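Trainee: I have a structure here, written as structure tokens, and I will follow up with some questions on it.
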Amino acid sequence: MMGLGSVPDFLSMRWDAARPRLRLAIGALIVALVGLAGLTPKALFGVPLTWPYVSLIAAVGWGRSGLAFGPIILLVLFGFAQDASQAPWGSHGLANLLTFGLAVVVSQTFDGDRGSGAGFELPLACLFAGVALVWAIASIAVGHAVRVTPMLAAYFATVIIYMLMAPLFDLGIRRGLRGGAAA
Amino acid sequence: MPRASGKGYKQRPLRRYGFFIAVAGLIALLLLQSSPRLRGQVEPIRTAASDQLYNVTRPNLVDRLTGAAGKDRQILELETRVRELAQYKALALTMAERLEVYEDILNMQGEPGGAEVTARIMAETNGPFAEALLANAGAANGVQEGYFAENDRGLVGRVVQVGQRSSRILKVTDFNSRVPVMGEASGLRAMMFGGRDGLGRLTDLPEQGQFLPNERILTSGEGGLYPRGVVVGTVLPYEDDDIRVNLEMLRGQLSYVRLKPAISIPRPEDFPVETEVAEVTDEAGQ
């Protein structure tokens, strides 16, 4: 009988064995759940909570696995869901997609340094670029520079959530890598 | 452990094209929305999406199981009703103010009051009547000239002038007032007028008999100005030839008075003779 202590190992083993499509579905489910929770009013002791851009986390995480149609379609759809608030249609989708593309480029460019600190810092830079894109698109849409402080707060919340959930957005494939480069 | 994918390497141009097409499509969509006309056409989509995504008031499964959903729905309904009623209240207040303005414009009088009116004494006038009171009830309240006024202890006076919303009361202490009175014990009749010392004076005394000291003086009802039996005061011990009456109303408060209609003695004209009946009787008698 499996003890409680062996549950993480079991889950880790199952996750390693999971196919990319399943991982993508689980990641999409997480984005949908966190995003839906973000639609509800959130306050802690009367203080409004900052909610992370979880779609950007997915973009950075999926971008490490290279270009694929699945993530592109999902990120566009998530973007439309985010636009339902008051943003122009396509604005969040564009930010998600460009962040995804940046993450793809960064992961392929610096893939040899994955074991170094760049493996942690570069995704944070991608996330920052994604939040900056949202800020830029919002500023262009409304005609003036929107407030930076809420965006920074959202960025830090996104970084915290990324550090906790990054493995769940790893599709487990390295497109374009050959032989020993994938080790 | 990441897997290497050679198939993806071959398909990379296609994915790259797809990526750029998606980016271009989104940019085009954003640019198209710079047109107010197109933005107006897509707004209903946003509204529908917002209704679905932001419908946080819809109860979830936990709320349905715990019964909180029903309470929340009831609270929402009650809040809606309160808002509606608040609107009606504001509307009613506005209409009432408007109605008052219209009535003022039309000089419209309100419904006549009851036979008796309680009025507040606004002032004691110093005009022609040295001993007069001004009450805040008039013809609009059903007060008519001839009403008598009494307080909690006894007779105060009689209404001699009536305005729309005020009336002047001639007090029994005034020199010009005349009140038909009678002794409660002796049954003697007299007229009372006001003296300058705040006491009543009895005049037109009967030729026979005397009022008893400390006897209560009541209205006699003669002449129809006052009803019979209203307390006026008590007879003070005799001094000289004057019979003075200690007025009861001075022992009570004079802030409020009760205005009551005087008795109406029917006149002979109020009972017309039925001539036809009389003629028939005469004919039968013949």
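Trainee: Based on other C-beta atoms within 10 Å, arrange B:LYS260, B:LYS71, B:LYS171 from fewest to most.
Mentor: Ascending number of Cβ neighbours within 10 Å: B:LYS71, B:LYS260, B:LYS171.
Trainee: Follow-up question, since we're still on this one. How do B:ASP242, A:ASP170 rank when sorted from fewest to most other Cβ atoms within 10 Å of their own Cβ?
Mentor: Ordered from fewest to most neighbouring Cβ atoms within 10 Å, B:ASP242, A:ASP170 come out as B:ASP242, A:ASP170.
Trainee: About its Cα centre, what dipole magnitude does segment B:114-264 give when the only charges are +1 on Lys and Arg Cβ and -1 on Asp and Glu Cβ, stated in debye to the nearest 20?
Mentor: Computed about the Cα centre, the dipole is about 620 debye.
Trainee: May I pose another question? What order do you get for A:MET13, B:MET249, B:MET191 when you list them from fewest to most C-beta neighbours inside 10 Å?
Mentor: A:MET13, B:MET191, B:MET249
Trainee: A follow-up question, please. Just counting partner chain Cβ atoms within 10 Å, what average do the residues of peptide B:29-40 show around their Cβ?
Mentor: Rounded to a whole number, the mean comes out at 3.
Trainee: Would you mind getting me the FRET efficiency between A:ALA37 and B:ALA96? Use the beta-carbon distance for r and R0 = 41 Å, nearest 0.05.
Mentor: E(calc), rounded to 0.05, equals 0.25.
Trainee: Using each residue's phi in segment B:150-159, evaluate 6.51 cos²θ - 1.76 cosθ + 1.60 at θ = phi - 60° and report the 3J(HN,Hα) Karplus result to the nearest Hz, with x for Gly and Pro.
Mentor: 3J(HN,Hα) across segment B:150-159, in whole Hz: 9, 10, 6, 10, x, 5, 9, x, 9, 6.
Trainee: Per residue of A:89-100, how many C-beta atoms from partner chains lie within 10 Å of its own C-beta, taken as a mean?
Mentor: Across the residues of A:89-100, the mean count of other-chain Cβ atoms within 10 Å is 5.
Trainee: Here's another thing I want to ask about it. Under the definition of partner shielding as Cβ atoms of other protein chains within 10 Å of a residue Cβ, what is the mean value for peptide A:72-83?
Mentor: Per residue, the average neighbour count from other chains is 2.
We did not get these values from a lab; they are worked out from the coordinates using the rules stated. It should be emphasised that the depicted structure is a prediction, and the values quoted were computed from it without experimental measurement. As a convention, Cβ positions derive from the backbone with ideal geometry for all residues, glycine included, and neighbour counts pool all protein chains shown.
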